[in-house]
């Protein structure tokens, strides 16, 4: 596991397909829009801890963290958590389940923690929790990804 690659993946707005990727694509708007300002606090096998000061751009009409932005953070931090155990790919999402329990407002510092439940040859499952600095849970999620490396077509 390359801790620095996991950190670059998150802090640089996922400008590549993931740690160890040979991709040279330019950064994509969506990932940069969501991830800008994310700070990686800790990376260890099976666990990633990040923090984010909630920016105005991620607020909904009620002036708190948008549910779609929360789900995108779950997707990105969940993928990085899968990378933290040495998976060669982050695969594709099969399911993301998010329970929204509280709100976070502009400028509020939140923590985002991903933990591996299981990473096998074909499927990876992680939990991701967003919480306030006082420990109050904002959202709790489970993210399932299909990891199998595609086999080239014989056609």
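Just so it is clear, none of the values below were taken in a lab; they were calculated from the coordinates. Quick caveat, the model's predicted, so the values are computed rather than measured. Ideal geometry is used to build each Cβ from the backbone, glycine not excepted, and the neighbour counts take in all protein chains shown.
Given only helices, namely DSSP H runs of n ≥ 4 each adding -39500 (n - 2.57), what is the per-residue ellipticity at 222 nm of the chain, to the nearest 500 deg cm²/dmol?
Helix-only estimate at 222 nm: -6500 deg cm²/dmol.
Can you tell me the mean projection area, over all orientations, of the convex hull of the chain's alpha carbons? Units nm², please.
Averaged projected area of the chain's Cα convex hull equals 9.6 nm².
So how much slack lies between residue 12 and residue 136, counting 0.36 nm per residue of separation and subtracting their Cα-Cα distance, in nm?
41.9 nm
Which residues does the label zone of residue 108 cover in the range 57-77, counting backbone N under 18 Å from a point 7 Å along Cα→Cβ?
57-74
So what's the gap between the Cα centers of the range 64-120 and the range 32-53, to the nearest angstrom?
Cα centroid to Cα centroid, the span is 10 Å.
Top mean-square fluctuation among 124, 62, 37, Gaussian network model of the chain, C-alpha springs under 10 Å?
62
Against the longest alpha carbon principal axis of the chain, how many degrees, from 0 to 90 and to the nearest 10, is the axis of helix 67-83 turned?
Once rounded, one gets 40 degrees.
For the pair residue 42/residue 118, report the inter-label distance in nm, with labels modelled 7 Å from Cα in the Cβ direction.
Inter-label distance under the simple model: 2.6 nm.
Please report 64, 33, 83 as a ranked list, fewest other C-beta atoms within 10 angstrom at the top and most at the bottom.
33, 64, 83
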